[in-house]
Every structure is written in structure tokens, then in C-alpha cells.
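Working notes for the structure below.
The values are calculated or read from the model by the stated rules, or taken from the named source; none is laboratory data. All figures in this text were calculated on a predicted structure; none of them were measured in a lab. Neighbour counts are summed over all protein chains in view; Cβ atoms, including those assigned to glycine, are modelled from backbone coordinates with ideal geometry.
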Amino acid sequence: MTDPTEQTVNRVVAAPRTEGPRRGSTPEDNRLHNRALILRSLFHAGAVSRADLARSTGLTRTSISALVNDLASEGLISELGLRDDSRVGKPANLVGLRSDAYSIIAVDLSADDRFTGAVLDLSGAIVAREEIDGGTSTGEDAVEIALELCGRLAAAAPRRILGFGVSAPGIITPDGVVLEGVYRDWTDLPLAARISERFGAPAHVGNDANAAALGVRTYDRDAANSLLVVHLEHGVGLGVVIDGVLVRGERFSAGEIGHVTVDELGDRCGCGRRGCLETVIGTQHLTSRLAGEAPHDVGRRDEILEDAGRALGQVLAPVVSTLNLNDVIVTGPADLLTGPFEYSVLRTLRARTFPSIHEGLRVRIADTSRPLILLGAAALVLSAELGIT
Ligand SMILES: [Zn+2]
């Protein structure tokens, strides 16, 4: 039974239940759902015929024709001419998503000292970049700096803006209210609404690790349909995508694994307890431990990194087993994560899970040449505005 006093003490912000009208229950819902099916199919498959679309979406040829006409008149897709192949019969007319139909503004507020942003086309290609010194700004000052960055990016956008996407550390609701953003001292901040009001375009704000998980799912052709992204920047964040859908949790805190206890006698954590995962694998803790214990000792350095990888593997093993996940991506400083750390995570996961779970399991360190958190911010917009994941 729930203690009623606890409910009044804690801020109760629960995710909406999925009762009420079934999605797709009105003709307009159905049209939007089917439109998203086509856009998603074109995004991932490239140029295809109407017959290909009918096969991949399960929609009738008549529905496909009507929706393709609508999308073409919106400028979102274009006719690409006849398929040039040797199949028998009449060559098919191809259609494709127009990557230049819109610009997406993506902003990453996850770094300590700076806010970074980019203008992307619909394929995820970056067409402009901006960066602004965020320093140690907090509260309203930090909001104004973020808004200034959004303004510079909007001015650099070559096309009409589909929306603004923002990745930020903290606990964030689906409508873009930052409930807790400790690094910028934000509480109950309606960041998406502020951006949307200022620039007159849709805005979507998501937790950085969650956005990264959505970004991998959307832009990485090699990604599994269900995956985990571990983000080591401020503490330890985890983004979970299951069957292509981001898992937010009952109070939007899914993936907050940084304060899972891994060693009751371990170091004191910022939360007041001892031995949280964050004190073992958080990059600040890890960097200072390496500097203190192994400034020139390669063997000791590898040991510390292996211990850190083992702690992460121990925490992830039940999650990987529960959900039967095969794709774990870790993003953060590559010099710490590549090598002993990543091998130790995989070894621990293999040692602690059933063979049928871990046979296909891979642990990857994110390619630092791709700005995963920014791509995640863009993926928030693609997903919310066009239904593309
Ligand atoms: Zn803690």
C-alpha cells in the first residue's frame, strides 16, 4: 500500500497511463500513423517504388498513392525517375525522402563548459555548427545563453525549420520540462516552451542519454532495434530503446543507474551514500583515481579501468538479461573507454548472463567523430514531428 504522506511529500509527476482512445482510432490518427510509416520506410530504405512501400508498410496501393501525393505536395518526398534494372515488366517509378525539405536545429547542453549546436538536414548531415561558452552559468543566465545559441543556429538554417531538439542532463518530461537539471540549477524549467515561444517553431527537449539512444537507433544503420546507450559525462546516464521506442519510465527517470550501489564500503558519493556506480565509473572520479594511483604505471592504470568496466558490467547484466539486449553502446572520453574498460564490460556481461542472452551481445564505444548527443537532439525532432525513428 502506498503511504499517502509520501505522495504529498514527493513531487508526483507520473507518466500518463495508456488508457483512453486507441491510437489510430480516428481517420486522422490513421492518416498520421500511415504517413509516419511511409516516411520511416523512406528514411531507412532510400529510393523505393510505390509497390516496395506497399510491401514494407502493409498499406494498400491506393493508400500509398494518396499519401505519397500528399507528402510530395508538402515537399517532403520527390519523384526520382524510373528504376534502372533488368527486372521484367514495366520499370517502376521511384520516390525518396527529400533530405533538404527542412532544417533541424540540434543543441547539446551536456558539456561542462560550453553549449554546442548544429543545423542538420533530414538525413542527419550537419550543414552548420555553432558553439557558445556556457561557463559555469546557472538558472536564467544559462537559459539565455542556450536561447542565444538557438537564435544563431536558426539564423544559419538554410531551409524552413522542422523543429528545435535539445539534449540536456537531468530528469525531463516528454513535453520538455526540465524537472531537475542539477548542473545548471534548473528546476521545473519549461525549456521546450521557452524555445518554442521565442522562435515560433516546435521544440523538443530530452535527457542526453535518452536522446543519444534515440540517435543511435535513428542514424546508425548497424544499430539493433533494442539497445542501451551508457553516457559518461555528468555522472552516469543510460538511455534505453526497446523495439524502436524510447523507454522513459514512470517518473521520466528510466536509466538513472549512477546511484546504484556497487560497493557499500566504497568512496563517498555526491548523493551522500557510499560506493555508487558513479564513484567507480564517473569520468571525474575515474580520471582523478588514475592521476592519483597510476600516473605512470600502465599495469595499474589497466587494472583501475578493468575494475570500472566490471562494475558497469555487473550493473548492466540484469538489465541485459531482463530485456535480452544485444547492443550496448558506451559514449564518453574515448581514451578512458577504449581497451581495458570496454573488454571488461563485455567479459563481465558474458560471465554473468546465460549463453542464449549473450551470444550475439556486443559492447561498442561510440565513434567520437560522430556527435552522438547532437544527433540524438535531432532524432527527438524527427521522431516527434515526422514519426521517424
Ligand atoms: Zn550516489
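Answer yes or no: is there a residue in the range 306-316 that is away from the ligand (no atom under 16 Å from the Cβ), in contact with a Ser or Thr (Cβ under 9 Å, 6 or more places away or on another chain) and basic (Lys, Arg). Within the range 306-316, one or more residues are away from the ligand (no atom under 16 Å from the Cβ), in contact with a Ser or Thr (Cβ under 9 Å, 6 or more places away or on another chain) and basic (Lys, Arg).
Of GLY139, GLY165, which residue is among the small types (Gly, Ala, Ser), out of contact with any Asp or Glu (no Cβ under 7 Å at 6 or more places or on another chain) and modelled with pLDDT of 95 or more? Quick ask: steps written out before the conclusion?
Working: GLY139 fails: out of contact with any Asp or Glu (no Cβ under 7 Å at 6 or more places or on another chain).
From the options GLY139, GLY165, the qualifying one is GLY165.
If only residues of the range 277-292 that are near the ligand (Cβ under 10 Å from one of its atoms) and not small (Gly, Ala, Ser) are counted, the one that is farthest from the chain's Cα centre (by Cα) is THR279. At least 1 residues being surrounded by fewer than 16 Cβ atoms within 10 Å (Cβ to Cβ) and out of contact with any Pro (no Cβ under 8 Å at 6 or more places or on another chain) is the threshold, and among the strands (runs of 3 or more DSSP E) wholly inside the range 108-168 those reaching it are 114-120, 126-133. For THR331, the stated conditions hold: it is touching a residue at least 12 places away in the same chain (Cβ under 8 Å), touching a strand residue (DSSP E or B) at 6+ places or on another chain (Cβ under 7 Å) and within 30 Å of LEU39 (Cβ to Cβ). For SER383, the test of being hydroxyl-bearing (Ser, Thr, Tyr) and over 19 Å from LEU246 (Cα atoms) is failed.
Among the residues making up the range 186-234, those that are out of contact with any strand residue (DSSP E or B) (no Cβ under 9 Å at 6 or more places or on another chain) and over 21 Å from LEU386 (Cα atoms) are ARG198, HIS234. Listed by position, the helices (runs of 4 or more DSSP H) contained in the range 312-389 that have at least 3 residues being over 30 Å from SER41 (Cβ atoms) are 334-337, 340-351, 355-358.
Kindly provide the set of residues from the range 138-164 that are aliphatic (A, V, I, L, M), more than 21 Å from ARG184 (Cα to Cα) and touching a helix residue (DSSP H, G or I) at 6+ places or on another chain (Cβ under 8 Å), ordered by number. Working first, answer last.
Quick first cut of the range 138-164, residues aliphatic (A, V, I, L, M) only: 142-143, 145-147, 149, 153-157, 161-162.
After this cut, where a residue has to be more than 21 Å from ARG184 (Cα to Cα) as well, the list is 153-157, 161-162.
Within the range 138-164, ALA154, ILE161, LEU162 meet the criteria.
Looking across the range 107-125, the residues that are of a type in the set (Ser, Thr, Tyr) and in contact with a strand residue (DSSP E or B) (Cβ under 6 Å, 6 or more places away or on another chain) come down to SER110, THR116.
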